[in-house]
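The values are calculated or read from the model by the stated rules, or taken from the named source; none is laboratory data. Being a predicted model, the structure only gives us computed values, none of them experimental. So basically every Cβ, Gly included, is an ideal-geometry build from the backbone, and we count neighbours across all protein chains shown. Calculation scope for accessible area: heavy atoms of the full protein, side chains included, ligands and nucleic acids excluded. Shrake-Rupley method; radii C 1.70, N 1.55, O 1.52, S 1.80 Å.
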Amino acid sequence: MSQDPSQFEAGKFVLCARIEHQGRITAIVPLDTTESGGGGWSITIGDSAAILGDCHVGDSICTNGACLTVTEFNADSSDNGGWFKVGVAPETLDKTDLGERKVGDLVNLERALAAHVRFGGHFVQGHVDTTVTIVRKEPDGNSLRLTFQVPEATPSRASMLPYIIPKGFIALDGASLTVTTVNDEERTFGVMLIAHTQSKIGLGVKDIGAKVNVEVDMVGKYVEKAVAAALGGEGEGGIKAMIERAVEKAVEKKLASGGNVA
């Protein structure tokens, strides 16, 4: 779950959800009127010198799974361990847990992945789909089993559950993990954290009831859209249209051969 910082390159934002570093929130300003704050919500993250050696203003750093833009930074480790500031848009506050983070909290960090390195996780964009809630934590030897509940679908937000499958990939707070169980009736899914992963990401120390940022596998979204388009539309309408066309062709064929359709 952690990688050598030299494997990451600023300015080319493709991620593999392998946590590079953990930083600590040193400031949260809901209305930051400084030039780097832009009059909006800002978060400053310290203890981050390890990933700031090639940083530039305007670069993106994935923070707990959310792609955020660096507006100011100081790579000098003598200043709060090196820090960077990011702006957080209302959409991000709505879709992630970042609005609930507090000064002192640890956050998972990942820079863009350089094209010349081995790919170790799965493709993610740093675009959080929703948050899920931790409902169970169960030690299993030196590993930890976590169970999460997916929010119910609403008219404005579809359920993410169809994109979560056993043994599939999922990004939780920016970390690529393997789904171990899925229960559609309870709207839950589970993952297991080995001891190494527990020591490298903050997920294992979150309490029951805490929110976790989720980005589902983008491949599933593309497949769904492509299939829906091939079937003549999205959702049930497309499938219905396909069935109707199939029935019409069968009837036409039967009539053309002189058969009885009754």
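Quick notes on this structure:
- Number of residues in region 34-63 that are closer than 18 Å to residue 22 by Cβ and either of a type in the set (Gly, Ala, Ser) or open to solvent by 50 Å² or more (accessible area, probe 1.4 Å) (or both): the value is 7.
- Residue match in region 84-97 (condition: open to solvent by 50 Å² or more (accessible area, probe 1.4 Å) and more than 21 Å from the chain's Cα centre (by Cα)): no
- Taking the listed residues 210, 175, 158, 153, the one that is touching a strand residue (DSSP E or B) at 6+ places or on another chain (Cβ under 9 Å) and open to solvent by 20 Å² or more (accessible area, probe 1.4 Å) is 210, with no other qualifying.
- Residue match in region 67-82 (condition: of a type in the set (Ser, Thr, Tyr), in a strand (DSSP E or B) and open to solvent by 30 Å² or more (accessible area, probe 1.4 Å)): yes
- Test: residue in region 185-203 that is modelled with pLDDT of 85 or more, among the hydroxyl-bearing types (Ser, Thr, Tyr) and open to solvent by 30 Å² or more (accessible area, probe 1.4 Å): yes
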